[in-house]
Amino acid sequence: MANLIDSITASRVWRSFFRHGWPDTEINRSLVMTTNIFFHLHPVKVSRKSLRASSTWGLGVIATILFIILTLTGILIMFYYVPSTEMAYDSIIILQTKVLYGQLMRNMHRWAAHAMVLVVVLHMLRVFYTGAYKPPREFNWVVGVFLLLMTLGASFTGYLLPWDQLSFWAITVGTNIAGYAPLIGPKMRFMLLGGFEVGQNALIRFYALHIMALPLLMAGAASVHIWRVRKDGGLAMQGGQEELLDIE
Amino acid sequence: MAVETKDTKAFPRGELKTYGLMELVRGTSPLVGKGPENTVFAFPIVAILEALLAIGTTLFLLLFSLLRDAPLEELANPDLTTNPAKAPWYFMALQELLLHMHPVLAGILVPGLVVLFLIALPYLDNDPADSGRWFASSRGRKIVIWTALYTLLVQAALIGFDEFMGLRGLGAASPAILQFVGPILFGVLLLGLPLLLLWRFKPNRREVMLLIFTVILVSAVVLTISGFLFRGPGMHLYPPWNMPDGYNPWSSL
């Protein structure tokens, strides 16, 4: 058995996938992080304090997880959803009644969307109240503000897609608010809706924004955001805590 | 025995090592000013924690989704306005504001200023000395608690005042006063009073930011709850458990 495992892990195929040994030594634990695309956003070493729940409450990680859940459930829903005013509502009914686990997929997508808005806001509160926006993290804070706005946009554009009374009037009310801006307001509203009221053009625009434009932008911005956390030195913690050293 | 100075505390002298200054270079790194780190290897602990969070979040969502279905009303009908017609909950603060002031104020100026403030924040308050500490100090914590209580009371009172009496009830009639001057005055008071009070304690920038941010945050929370939970048909205030026409605010989630 041990021989078999050895011969597998020593094979050229295995070693082309995993370019390091079993991660039980310092060098291999470093290599896990630096040779893996998904791990490399993390630092090789993290401070003990950043692992404590009360430091971050894991909110940034949870927001990322919700984004992934939304992407996966969203792709499954896309196999059934038709973005036309004639068929959108029916396709949701079919998804809920005829598709195996269709209702569950939609439920998870819906609740994850609300949860993500909430978690992203809570994440921002944590960062603000711990003063983690200060140099050298100013840029990352600004990226975070845009990620919050995009999260709202992604949720809002998805809200229209079921094409029921709830979504129709919520988007009518919501886009009316955008229309109030002096001079550019009505033009902005027209651009968003592709017309003067919520109709087929609005549905297809919201759909394109919801399934493609905003998720792509968010994935890009989130990558920058997470990478920047590492580049800025991880968890903000100068001064204050007992294990910190008072260096001028 | 070496004298304990700040430097030796940060970088304890190894008794068996010798040290020499090799070169001086300009520049900083993320570890500048941090000293010897109290760190562990990220692998595997970070991967384990993230996996646990992923499993927990997914399980929670799955259970919640089994218990509660996403809402779906009748097919959209542009000729039949729902009453009330509400935006999604995260925009209800804006829609609530719209009930109290001119749309240019509520829909553009206030949210625009809030976003501008958020973007400008790290450039207005850029002293990293107290970053990483909740509320900066015990004084900061007090500022946040008192500001939150004050904003909660004043914001709720303002909503009630506008619903049941309003400037109109005080005799004001001109739209300019009702929609612009009045609301702006209330807004300036809401933020200005606690700032003025704080000023007497010679606050630093972080403390000023704590106050401003908390006023914005608690206002947004109160406005959202009021708009989402307490507004019923005709966008009037009702107790959420006793809405007319069988309207249930939670059904719009």
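The values are calculated or read from the model by the stated rules, or taken from the named source; none is laboratory data. Here the structure is a predicted model, which means the values were calculated and not measured. Cβ atoms come from the backbone with ideal geometry, glycine included; neighbour counts cover every protein chain shown. Accessible surface areas use protein heavy atoms only, side chains included; no ligands, DNA or RNA. Shrake-Rupley method; radii C 1.70, N 1.55, O 1.52, S 1.80 Å.
Once neighbouring chains are kept in place and the probe is 1.4 Å, which whole percent of the accessible area of chain A is contributed by carbon and sulfur?
The value for chain A is 70 percent carbon and sulfur by accessible area.
Based on the Cβ-Cβ distance of B:Leu66 and A:Asn201, what FRET efficiency does E = 1/(1 + (r/R0)^6) give at R0 = 35 Å, to the nearest 0.05?
According to the calculation, E is roughly 0.45.
Once you keep just the Cα pairs under 8 angstrom separated by 6 or more residues, what percentage relative contact order results for the range B:81-208?
Here the relative contact order equals 30 percent.
Among B:Leu94, B:Leu191, B:Leu118, which one moves the most in a GNM of chain B with springs linking Cα atoms closer than 10 Å?
B:Leu118
For chain B, what's the relative contact order in percent, using C-alpha pairs closer than 8 Å and at least 6 residues apart?
After rounding, I find 27 percent.
For the pair A:Ile27 and A:Leu149, what calculated FRET efficiency results from E = 1/(1 + (r/R0)^6), where r is the Cβ-Cβ distance and R0 = 51 Å, to the nearest 0.05?
After rounding to 0.05, the efficiency reads 0.75.
Between the range A:3-29 and the range B:175-247, what is the separation of their alpha carbon centroids in Å?
Taking the Cα centre of each part, the range A:3-29 and the range B:175-247 sit 59 Å apart.
Quick check: net charge around A:Tyr101, other residues with Cβ under 15 Å of its Cβ, Lys/Arg +1 and Asp/Glu -1?
+2
In whole Hz and in residue order, list the ³J(HN,Hα) couplings for the range A:142-151 that follow from phi through the Karplus curve 6.51 cos²θ - 1.76 cosθ + 1.60, θ = phi - 60°; x for Gly and Pro.
After applying 6.51 cos²θ - 1.76 cosθ + 1.60, I find 5, 4, x, 4, 5, 5, 4, 4, 5, 4 Hz.
Can you divide the C-alpha Rg of the protein assembly as shown by 2.2 N^0.38 Å and report the result to two decimal places?
Working it through for the protein assembly as shown, the quotient is 1.14.
What number, in percent, do you get for the relative contact order of chain A if the mean sequence gap of Cα pairs under 8 Å and at least 6 apart is divided by its residue count?
With pairs under 8 Å counted, the relative contact order is 19 percent.
Between B:Leu49 and B:Met235, what length comes free when the chain is fully extended (0.36 nm per residue of separation minus the Cα-Cα distance, one decimal in nm)?
62.5 nm
Given bins 5 angstrom wide, list per bin the percent of all Cα-Cα distances in the range B:97-253, short to long.
Result, from short to long distances: 1, 8, 15, 18, 18, 15, 11, 8, 4, 2, 0, 0 percent.
According to a simple spin-label model (label point 7 Å from Cα along Cα-to-Cβ), what is the distance in nm between B:Met22 and B:Leu149?
Rounded to a tenth, the inter-label distance reads 5.7 nm.
Run the quick spin-label model on A:Ala10 and B:Asn77: label points 7 Å from Cα toward the beta carbon, then report their separation in nm to one decimal.
7.6
Only helical DSSP H runs with n ≥ 4 go in: add -39500 (n - 2.57) per run for chain B, normalise by residue count and round the 222 nm mean residue ellipticity to 500 deg cm²/dmol.
-16000 deg cm²/dmol
Before I look further, what does the range A:55-231 give for accessible area per residue, probe 1.4 Å, in whole square angstrom?
Result: 43 Å² of accessible area for each residue.
Given the rule -39500 (n - 2.57) for each run of at least 4 DSSP H residues, summed and divided by the residues of chain A, what is its mean residue ellipticity at 222 nm, to the nearest 500 deg cm²/dmol?
-20500 deg cm²/dmol
Could you tally the net charge around B:Leu229, taking each other residue with its Cβ under 15 Å from the Cβ of B:Leu229, Lys/Arg +1 and Asp/Glu -1?
That sum, taken over residues with Cβ under 15 Å, equals 0.
I want to verify a result. In a Gaussian network model of chain B, Cα cutoff 10 Å, which of these has the top mean-square fluctuation: B:Lys202, B:Lys142, B:Lys17?
Result for chain B, Cα springs under 10 Å: B:Lys17 fluctuates most.
Filter the chymotrypsin sites (Phe, Trp or Tyr not before Pro) in the range A:118-204 to those in DSSP coil with at most 14 other Cβ atoms within 10 Å of their Cβ, and list the result.
Those that pass, being in a loop and sparsely packed, are A:Phe196.
For chain A, what is the charge dipole size about the Cα centre, in debye to the nearest 20, if Lys and Arg each add +1 at the Cβ and Asp and Glu each add -1 at the Cβ?
Value, rounded to 20: 300 debye.
Taking θ = phi - 60°, what integer Hz values does the Karplus form 6.51 cos²θ - 1.76 cosθ + 1.60 yield along the range B:70-87, in sequence order, with x for Gly and Pro?
5, x, 8, 8, 5, 3, 4, 9, x, 8, 10, 6, 6, 10, x, 9, 10, 6
Which of B:Tyr238, B:Tyr123, B:Tyr150 moves most in a GNM of chain B, Cα contacts under 10 Å?
Ranking B:Tyr238, B:Tyr123, B:Tyr150 by mean-square fluctuation puts B:Tyr123 first.
Modelling each spin label as a point 7 Å along the Cα-to-Cβ direction, I'd like the A:Lys231/B:Asp127 distance in nm, to one decimal.
For A:Lys231 paired with B:Asp127, the spin-label model returns 2.8 nm.
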